[in-house]
Amino acid sequence: MGGRPERVSLNVTDARLRRGARDIPLRPKDVAILQLLIAHQGRLVTKEALLAAAWPDVFVSDAVLKVAINRLRTALGDDARTPRLIETRHRRGYCLVGKISLVDAPALEAPEAAAVPRLPEARAIVGREAELAQLEEWFAHAAGGSRQLVFVTGEAGLGKTALVDLLLESPNVRGVRVGRGQCVEQHGAGEAYLPILDALGHLCRGLGGAAIKRRLARHAPSWLAQMPGLLRPDDAVNLRRRTGNATRERMLRELVETLDVLAREHPLVLVVEDLHWSDPSTLDALGALARRRDRARLFVLATYRPEETAAA
Ligand SMILES: Nc1ncnc2c1ncn2[C@@H]1O[C@H](COP(=O)(O)OP(=O)(O)OP(=O)(O)O)[C@@H](O)[C@H]1O
Ligand SMILES: [Mg+2]
């Protein structure tokens, strides 16, 4: 584009980004990340430091941080390949290379706006009754033992994630084991199985997590070996020694078998978000899971933007 760079400022109190004439709301986690980057402007901030700042009490994988950084880049109009603001330091962290100023004054409100009650944090989702009923029906089939692979598609911001959230909170699904994984935009082929690792990590930290971890140790050691956050350091080293460099084929076999075992015990929901950014191995895995003939109480739900798959 060239020309004079836009002025960018972050308003921490209001969680808003001002970029030129634009005023963009940010999520609280993204504010925490950007604040730390601004505090260390021009210097590397490690992934660990960013994760600790935004998610102080829970373990989350690097993939979640990547997603947050991608969201920030979109809000900032920045590009990972030719960054003006947030630069990736491969495997280590991120660095704010441009200038973002901090403003901390609450935005001025028009007097009449003050009389209008503020919308609650979680906005009510409207007009999705039919879609929700359809998903609930398919989930019921899965819970009865006939596995289902369902795609929720629609352009960016149409409400795919919101619909998935609605389903997971609905009375029949609440209390079921859920693993949720996020695909992130990567350049090149992308790291194999990243969203599935993310989903398994989520499963192991959720309902019945300890039992799920034992199943992974038994049936999917090469997966568990790649989830060091779930293991004690010496267990991780032993497991990696035992599994060596697992091939993608072996990992696929282990995954399919483990999910079958788990879905025989309890209904299991696997959510893969933003499949348009998936690596090829993840697509293979979803295909393999869908093609299996054995009965399993498995519900796989994937979201994607069709326009991005067409472009890819
Ligand atoms: N039916 C709805 N009623 C009210 N608000 C909605 C509805 N659907 C989505 N929203 C709101 O719109 C915003 C975008 O929705 P959401 O994140 O679910 O989109 P998405 O399709 O998952 O987008 P992306 O492709 O970027 O992941 C959210 O703030 C969400 O709460
Ligand atoms: Mg979404």
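The values are calculated or read from the model by the stated rules, or taken from the named source; none is laboratory data. All values reported here derive from a predicted model rather than from experimental measurement. Note: ideal-geometry Cβ built from the backbone for every residue, glycine included; neighbour counts use all protein chains shown. Side chains are part of the model used for accessible areas, which takes the heavy atoms of the whole protein and leaves out ligands, DNA and RNA. Shrake-Rupley method; radii C 1.70, N 1.55, O 1.52, S 1.80 Å.
Observations on the model:
- Top-ranked residue in the range 6-34 [being among the charged types (D, E, K, R) and closer than 20 Å to A49 by Cα; ranked as least open to solvent (accessible area, probe 1.4 Å)]: D30
- Filtered by the rule that a residue be open to solvent by less than 10 Å² (accessible area, probe 1.4 Å) and either closer than 24 Å to E6 by Cβ or assigned by TED's automatic domain parsing to the domain that holds L231 (or both), the range 56-74 gives A68, I69, L72.
- Filtered by the rule that a residue be open to solvent by 50 Å² or more (accessible area, probe 1.4 Å), more than 27 Å from T74 (Cβ to Cβ) and either over 20 Å from the mean Cα position of the chain (by Cα) or near ligand 1 (Cβ under 9 Å from one of its atoms) (or both), the range 145-174 gives P171, N172.
- Options T74, T46: the member that is without any contact (Cβ under 8 Å) to a residue 24 or more places away in the chain and out of contact with any helix residue (DSSP H, G or I) (no Cβ under 6 Å at 6 or more places or on another chain): T74
- Residue in the range 195-204 that is closer than 30 Å to E265 by Cα and either in contact with a Pro (Cβ under 6 Å, 6 or more places away or on another chain) or open to solvent by 50 Å² or more (accessible area, probe 1.4 Å) (or both) present: yes
- Residues considered: E254, E265, E249. Of these, the only one that is charged (D, E, K, R) and in contact with a Pro (Cβ under 8 Å, 6 or more places away or on another chain) is E254.
- If the condition is being open to solvent by 60 Å² or more (accessible area, probe 1.4 Å) and either among the charged types (D, E, K, R) or under 22 Å from the mean Cα position of the chain (by Cα) (or both), then the range 254-303 contributes E257, R264, E265, P280, L283, D284, R291, R292, R293, D294, R295, R297.
- Sole residue being without any contact (Cβ under 8 Å) to a residue 24 or more places away in the chain, surrounded by fewer than 17 Cβ atoms within 10 Å (Cβ to Cβ) and closer than 24 Å to R293 by Cα, chosen from R248, R218, R242: R218
- Restricting R240, R264 to residues that are within 28 Å of L167 (Cβ to Cβ) and of a type outside the set (A, V, I, L, M, F, W, C) narrows the list to R264.
- Residue among A75, A68, A140, A113 that is modelled with pLDDT of 95 or more and part of a helix (DSSP H, G or I): A140
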